[in-house]
Amino acid sequence: MSATQEGAILVVFGATGDLTHRKLIPAVAELHRTGLLKRPLRIVGYARQDLDDESFRDLLRQTVEGEGTDAVIADTCYVRGDFQDAEGYQRLRKRLAELEKDSHSAGRVYYLAAPPSFYTDIFRGIGEADLAKEDGGFRRIVVEKPFGRDLKTAQDLNTELHQVFQESQVFRIDHYLGKETVQNILVLRFANGIFEPLWNRRYIDHVQITVAESLGVEHRGRYYEEAGALRDMMQNHLLQLMTLIAMEPPVAFDADAVRNEKVKVLRAVRLPSPQEVPHLTVRGQYGPGDLDGKPVPGYRQESDVPPDSIRETFAAFKLKIENWRWADVPFYLRTGKRLERRASEISVQFQRAPQRLFPREARLKPNVLRLRIQPDEGITLSVGAKVPGMRIELRDVEMEFDYDAFGRRGTEAYERLLHDALIGDGTLFTRKDEVEAAWQVVDAIERGWQQEEAGPEIYPAGSWGPESADELLHHDGRRWHLR
Ligand code: BG6
């Protein structure tokens, strides 16, 4: 990773929110500590609360944790303003000009950490105050998810965004792309000669992608009630993982080449009709249950959730990618909250050997390549082997790679993504056409769900989700590897 050449300013819209203290300040501190930011990166917070520089810093000091964060906080400034208030943006403009007069800055990154309902106001505010023009440095914008709530709203948002910024200035975050284990998918596939010849419908039986969380919705009931698992996780994180597994080799490892291939995957996903949706998807909602031996409430008992909510906290899909590489290879995707444990994994199951040569060979499991995204990061390939001895006895064994082998910690997703936005590398961010193609898939499923009379299937907290999710695979003679 190259170090950024010049200092810059990070303007955080919605600076008093959760994200600033949980992710952004610790990420900036760590980038300083590891020497990846050669010159100061100054944070300017923008929010509605009536604060000044000092009281903003005090607020951050109360909540931010982590080594080196004090120095970052001591250097932050604050501009008070409503997202719809032109004067606020003028104050911001003035403040930025002052800061840039004092010390040279290579440019600015505007970071949208505000509620998504304000995104359009912020784009307009930035545009009207002429803050996007690249005079005297770069101007980039980082947009947090969710990017819209369906295809139409995402397209509208893109139109608004492009009134002010060009696509090359836009960095749409999907923090899964910043994870070390996710970046490693492309390295595994394209830096090793052995996988590519097998990576297709001739040798792969199916692919499973699971992102399981043991946490519930916590204090985010209001947001979650709008989003559900479909918009919160499927539209972005799971579909992104799928694109990395399914894409063609890019012509280069750069933002456009990589994203060109990813978007092709999304466009090739077969969109189910509303009538097909019940057969290809499952939605569930957690009821009360036990996790780690402790009773936990159901989703409907969480704060800010209506007692008759039908919002899904679990979703499973069976998708088909209609192209030469993947025709007829199912991709099973599954995500849920309050599942038995936190575990994210992609497993690629290969077809069995075409002929059985050995006694009881049928008892062997098929070869499965498991990419453990988190926790316990690593990669396992299961193979059949001969148990030592005179008899031919077969057993499944695992070849294992563990990230501990490197003896060093990886970069946190937010550090990586902030760094990349600062150097202008969009490879790990989602492009306009990509985000829209992902919504197209999600919209097709949502349309089907809206026509269903039954709501989500209730599963006990602490389980692996609704039974129908198991049936989705049993029906095809398969089962989930992770459980
Ligand atoms: C976020 C979702 O994008 O990802 C959360 O909004 C979810 O609901 C989180 O908990 C999971 O991220 P991670 O990195 O903990 O797997």
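No lab work stands behind these numbers, since they all come straight from the coordinates. A quick note: this is a predicted structure, and the numbers were derived from the prediction, not measured. Don't worry about glycine lacking a Cβ; one is built from the backbone with ideal geometry, like all the others, and counts go over all protein chains shown.
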In order through the stretch 19-24: 3J(HN,Hα) via Karplus (6.51 cos²θ - 1.76 cosθ + 1.60), integer Hz, x for Gly, Pro: 5, 4, 7, 6, 10, 5
Other-chain or far-sequence residues with amide H under 5 Å of residue 452's (modelled H): none
Pairwise FRET efficiency - residue 194 versus residue 323, Cβ, R0 = 25 Å, nearest 0.05: 0.65
Residues with amide H under 5 Å from that of residue 78, placed H, sequence gap 5 or more: 45, 53
Farthest positive-ward along the chain dipole, Cα basis, beta-carbon charges - from 228, 21, 407: 407
Size of electric dipole in the stretch 208-302: Cβ of Lys, Arg +1 and of Asp, Glu -1, about Cα centre, debye, nearest 20: 260 debye
Antiparallel bridges, percent of DSSP beta bridges restricted to the chain (to nearest 5): 55 percent
Point-charge dipole on Cβ atoms (K/R +1, D/E -1) for the stretch 1-129, about Cα centre, debye to 20: 360 debye
With Cα atoms, 0 to 90° folded angle of helix 413-423 axis to the chain main axis: 50 degrees
Inter-label distance for residue 53 and residue 156, nm, one decimal - labels placed 7 Å from Cα along Cα-to-Cβ: 4.0 nm
Part-to-part distance (alpha-carbon centres) for the stretch 33-56 and the stretch 459-483, which is given in Å: 46 Å
For the stretch 265-406, size of Cβ-based charge dipole, Lys and Arg +1, Asp and Glu -1, in debye: 600 debye
Furthest towards positive pole of dipole, 444, 143, 71, structure part the chain, Cβ charges: 444
Proximal charge balance of residue 411 [Cβ under 14 Å; K/R count +1, D/E count -1]: -1
For the stretch 171-318, with +1 on Lys and Arg beta carbons and -1 on Asp and Glu, the positive-most of 241, 178, 307 along the dipole: 241
Net +/- balance of residues flanking residue 199 in space, Cβ distance below 9 Å, scoring K and R +1, D and E -1: +1
Trypsin sites (Lys or Arg not before Pro) within the stretch 301-395: DSSP coil, no more than 15 neighbouring Cβ in 10 Å: 341, 342, 352, 356, 360, 391
Environment charge of residue 225, counting only residues whose C-beta is closer than 12 Å and scoring Lys/Arg +1, Asp/Glu -1: -1
